[in-house]
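The structure under discussion appears below in the form of structure tokens.
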Amino acid sequence: MKAIILYDTRSEGGSTDRFVDNLGKSLAETGAYVEKGKCKANADYSFILDFDVVIMGAPVYYLAVSSELIGALIQSNLKKYLKRKKVAVFVTCGSPEPMAYMLYLPQIKIHLLRNKILAERVFSPQDLSDDKAIDSYVDAIVETYNRTVSIRKSSVIWTEEALETISNIPSFLQEKFKRMAEEYAEETGQHQITSELLFTAKDEMGGT
Ligand SMILES: Cc1cc2nc3c(=O)[nH]c(=O)nc-3n(C[C@H](O)[C@H](O)[C@H](O)COP(=O)(O)O)c2cc1C
């Protein structure tokens with residue numbers, strides 16, 4: 001699994017920065033390839049096409065999830081490239097969990113109505129440095145991801161023609177397009193991948 005953690009914080013080297021490092025380490029220990037990136041509201045997010053899973057979250061300041069993450073979801077091309085991606089979400093905050101699940105997580109999730117959310121979690125200041133809390137979030141992400149991928153792989157059939165089409169594109173792009181086609185077939189309830197579906201998936205999912 002290739003995962004990227006997209007996050008924001010106003011406190012350089014603060015609790016969220018440290019938490020993201022620990023989250024990345026815990027995820028890497030499961031065998032995943034992990035990168036992290038701090039959100040900017042107007043950045044170009046086309047690079048997320050290279051990842052299987054996008055984990056995103058931020059701290060809450062004055063009742064609002066930190067602004068560069070929400071800004072990126074509203075203003076940039078992040079939402080376009082998130083289309084059909086598997087995501088996980090988190091917030092770091094001081095409020096009690098029920099309030100955070102009700103008030104803060106929806107500020108992110110409202111932008112992810114078409115995404116498969118693998119796991120969502122609220123991290124209190126104590127949880128942020130608690131390995132068990134982090135590992136349990138990582139386990140939830142990895143388990144749901146593996147289940148989704150194995151269901152997808154067992155239910156999709158590739159036609160000879162589609163395999164031929166894939167073999168004609170540069171080898172370093174083949175895996176990316178295969179995954180894109182399988183995800184598109186899964187989302188649209190199709191069990192057979194044809195050349196036509198490959199091209200539609202590429203157009204719909206924004207591949208280069
Ligand atoms: C200025 C400020 C405002 C905050 N406002 C809230 C809030 O409205 N609700 C909440 O649950 N937590 C609030 N918190 C707690 C933070 O969300 C929490 O401590 C978080 O872990 C801080 O992350 P950071 O260290 O990366 O800045 C606030 C913290 C600060 C410093």
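The values are calculated or read from the model by the stated rules, or taken from the named source; none is laboratory data. Predicted, not measured: the structure shown is a model, and the values here were computed from it. Cβ atoms come from the backbone with ideal geometry, glycine included; neighbour counts cover every protein chain shown.
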State whether the residues of the stretch 152-160 include one that is at pLDDT 90 or above and in a helix (DSSP H, G or I). yes
For residue 129, work out the one condition from (1) in contact (Cβ under 8 Å) with a residue 60 or more places away in the chain; (2) of a type in the set (Gly, Ala, Ser); (3) assigned by TED's automatic domain parsing to the domain that holds residue 187 it doesn't fulfil. (3)
Which of (1) more than 16 Å from the ligand (Cβ to nearest atom); (2) more than 12 Å from the chain's Cα centre (by Cα); (3) farther than 20 Å from residue 33 by Cβ is the odd one out, the single condition residue 60 does not satisfy? (1)
Just checking, which of 33, 62, 101, 7 is hydroxyl-bearing (Ser, Thr, Tyr) and within 20 Å of residue 176 (Cβ to Cβ)? 33
What do you reckon, is residue 84 under 16 Å from residue 4 (Cα atoms) and away from the ligand (no atom under 16 Å from the Cβ)? yes
Looking only at the stretch 181-201, which residues are surrounded by fewer than 17 Cβ atoms within 10 Å (Cβ to Cβ), touching a residue at least 12 places away in the same chain (Cβ under 8 Å) and farther than 16 Å from residue 155 by Cβ? 195, 200
Being within 16 Å of the ligand (Cβ to nearest atom), surrounded by 17 or more Cβ atoms within 10 Å (Cβ to Cβ), among the aromatic types (Phe, Trp, Tyr) and modelled with pLDDT of 90 or more, is that true of even one residue in the stretch 134-143? yes
Mind counting the residues in the stretch 1-28 that are under 15 Å from residue 139 (Cβ atoms) and polar (S, T, N, Q)? 2
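Yes/no per residue for (1) under 30 Å from residue 174 (Cβ atoms); (2) modelled with pLDDT under 95:
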residue	(1), (2)
12	no, yes
22	no, no
30	yes, no
43	yes, no
46	yes, yes
52	yes, yes
84	yes, yes
Run residue 141 past the list (1) assigned by TED's automatic domain parsing to the domain that holds residue 53; (2) more than 21 Å from residue 2 (Cβ to Cβ) and report the number of the one that doesn't hold. (2)
